[in-house]
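Following: one structure in structure tokens, then a few remarks.
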Amino acid sequence: MAPEEWIETLKDIDQVLRGSHIETPEASAAIVKMILKGEALRLFKDGLTEYGLEDIPANCLYHVTTQVFPTRTNVRQKCYMRQEMHKGQDVSV
């Protein structure tokens, strides 16, 4: 799942949970399981086993978010720019 798709899915989940006035963590987890599919669903279930049902869906959705977004993108981009990008000879300082 691409990060853009995940952001849209998070917005949809938030809208459904707010509109349904769900208060129990079990019901929240069930709704989120119905919305998610594929790798995101597997990661959410992993988050459920890791965090339990105490703060659903926040911790478990964060667990999925950490897996969807690439890590250290800023650092890798800066490293690439320092090593590979050079100022042209006709460009003044």
*State whether the residues of segment 17-24 include one that is aliphatic (A, V, I, L, M) and either more than 14 Å from the chain's Cα centre (by Cα) or outside any helix (DSSP H, G or I) (or both).*
yes
*Quick check: anything in segment 55-62 over 12 Å from the mean Cα position of the chain (by Cα) and on the phi > 0 side of the Ramachandran plot?*
no
_Of all residues being polar (S, T, N, Q) and exposed (fewer than 13 other Cβ atoms within 10 Å of the Cβ) in segment 17-31, which is farthest from M1 (Cα to Cα)? Just the residue, please._
T24
*May I ask you to list pairs of residues, at least six apart or on different chains, whose Cβ atoms are under 7 Å apart, with the first in segment 65-87 being assigned to a helix (DSSP H, G or I) and the second being surrounded by 10 or more Cβ atoms within 10 Å (Cβ to Cβ) and modelled with pLDDT under 80?*
V68/M1
*Filter segment 32-57 down to the residues that are small (G, A, S) and surrounded by 13 or more Cβ atoms within 10 Å (Cβ to Cβ), then identify the one that is modelled with the lowest pLDDT.*
G47
_Restricting to segment 32-64, give me the number of residues that are outside any helix (DSSP H, G or I), farther than 22 Å from E4 by Cβ and in contact with a helix residue (DSSP H, G or I) (Cβ under 8 Å, 6 or more places away or on another chain)._
4
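The values are calculated or read from the model by the stated rules, or taken from the named source; none is laboratory data. Treat the numbers as computed from the prediction; the structure is a model and nothing was measured. When we count neighbours, we look across all protein chains shown, and the Cβ atoms used for this are built from the backbone with ideal geometry, even at glycine.
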